[in-house]
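What follows is a single structure, written as structure tokens, with notes after it.
The values are calculated or read from the model by the stated rules, or taken from the named source; none is laboratory data. Not measured: the values here are computed from a predicted model. Note: ideal-geometry Cβ built from the backbone for every residue, glycine included; neighbour counts use all protein chains shown.
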Amino acid sequence: MAQHQQLIRIDFEETPLDFSHVNLATRLQNHLANNDVVVFSDYGKGTLEHVADYILQAKNAGLKTLVDPKGTDYSRYKNADLITPNLGELKAVVGEGEINTLIEKGRALLTTQNIENLLLTRGEAGMSLIDAKSTYSLPAQAKEVFDFTGAGDTVIAVMSLGLAIDLPLQDAMYLANLAAGIVVGKVGTSTVSILELNREMHPHRNTFGVVCEDELLEIMQRAKAHGEKIVMTNGCFDLLHIGHITYLQQAKALGDRLIVAVNSNESVKILKGDSRPINDLQARMAVLAALECVDWVVSFNEETPERLYNRLLPDVLVKGGDYKIADVVGGEAVIANGGEVRILSFVEGHSTSSMIAKARNI
């Protein structure tokens, strides 16, 4: 590794001994009835020496078969539904050539071995799905490659999931391509989550501003899957002043995203009396959402936001004033979930009540 990027990988392996192909065939047979897809990942160590027989077992049971191939004898993978060689592996079988030549040679290989489809992974050039009549290609999705270890495993895993739920091959390939782009952007052998895939599929769905509670929960899950630290605070925020702004800016500095939970009109009346709020809920939320330091604004109807904190579980719960951490509502649940509670001081000499009193005396 150099500056967190993989330069070279060397594998030291030993071929396993005392392996029973009969036992493997029996174990495979026992699993066929409860599954839809079989993935044969060939490492060339002898475990899949009789893979042609295993493919027939799976096909006869009605399962789809995918193969991550190894070596130059692809007759072993005859009758498979999909094989996923990389560019180097395909060249080792069909010879050198430009990409169009390799695609045609790959198509001929499918015909010879009665294989339905070939998914050719081409590194930074993306991937190509080849069948008897057509070729469908996608560009690589990785913004920056840190470690390509396991990228091929990710591709075949997501392809197999797509086939298991009867996605069209091109749709499954689209997901596999996104997934590969995610894992190579991480250091070390990595996995990809559904939330990460969802974020890549909908890059413009990261809505900011005023959101409902259910929408915010989904947004937070996507943000956390991307490694973002979520900070949350609450208040009435009736008449916004410099004390509020300073407090919110300090809260935002504790993480990557700031959520402000705002008391509903009814909740404010309970806390402040019938003369409040001065501004209704929608106006208060709109003003907060316009602040650069605020990412999302959500309302709650209860007297305290404890239920909301217990459901959303931010990484950092921020409270302003003279509180003890143990007295902050929702803090116990946040801490139990691995988060923290932070107490910030208000700016002296500024309050909504003093602004109202001053306005009435003018």
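Across segment 262-280, the qualifying residues are those that are crowded, with 18+ Cβ neighbours inside 10 Å and under 19 Å from His241 (Cβ atoms), and the one among them that is modelled with the lowest pLDDT is Arg276. On inspection, Glu332 fails the criterion of being out of contact with any Gly (no Cβ under 6 Å at 6 or more places or on another chain), at pLDDT 90 or above, over 30 Å from Gly227 (Cα atoms) and outside any strand (DSSP E or B). Does Glu348 satisfy the condition of being modelled with pLDDT of 90 or more, surrounded by fewer than 19 Cβ atoms within 10 Å (Cβ to Cβ) and over 16 Å from Leu239 (Cβ atoms)? No: the conditions fail for Glu348.
Going by the structure shown, is Thr112 of a type in the set (Ser, Thr, Tyr) and more than 19 Å from Asp171 (Cα to Cα)? Yes; evaluated as a whole, the condition is true for this residue. Count of segment 281-307 residues, restricted to those that are surrounded by fewer than 17 Cβ atoms within 10 Å (Cβ to Cβ), more than 33 Å from the chain's Cα centre (by Cα) and not small (Gly, Ala, Ser), is 1.
Annotation note: Cβ proximity below 7 Å between a residue of segment 33-47 that is in the same structural domain as Gly150 (by TED's automatic domain parsing) and at pLDDT below 95 and a residue that is of a type in the set (A, V, I, L, M) and assigned to a strand (DSSP E or B) (sequence gap 6+ or interchain) occurs for Asp42/Val67.
Listed by position, the helices (runs of 4 or more DSSP H) contained in segment 66-175 that have at least 3 residues being under 29 Å from the mean Cα position of the chain (by Cα) are 151-164. Candidates are the residues of segment 165-218 that are among the basic types (Lys, Arg) and under 16 Å from Asp295 (Cβ atoms); the one that is modelled with the lowest pLDDT is Arg205.
Rundown of residues vs (1) out of contact with any Lys or Arg (no Cβ under 9 Å at 6 or more places or on another chain); (2) without any contact (Cβ under 8 Å) to a residue 60 or more places away in the chain; (3) outside any helix (DSSP H, G or I); (4) hydrophobic (A, V, I, L, M, F, W, C), yes/no style:
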residue: Val298; (1), (2), (3), (4): yes, no, yes, yes
residue: Glu303; (1), (2), (3), (4): yes, yes, yes, no
residue: Asn310; (1), (2), (3), (4): yes, yes, no, no
residue: Val318; (1), (2), (3), (4): no, no, yes, yes
residue: Tyr323; (1), (2), (3), (4): yes, yes, yes, no
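Does Gly243 satisfy being at pLDDT below 90 and of a type in the set (Gly, Ala, Ser)? Judged against the criteria, Gly243 is a match.
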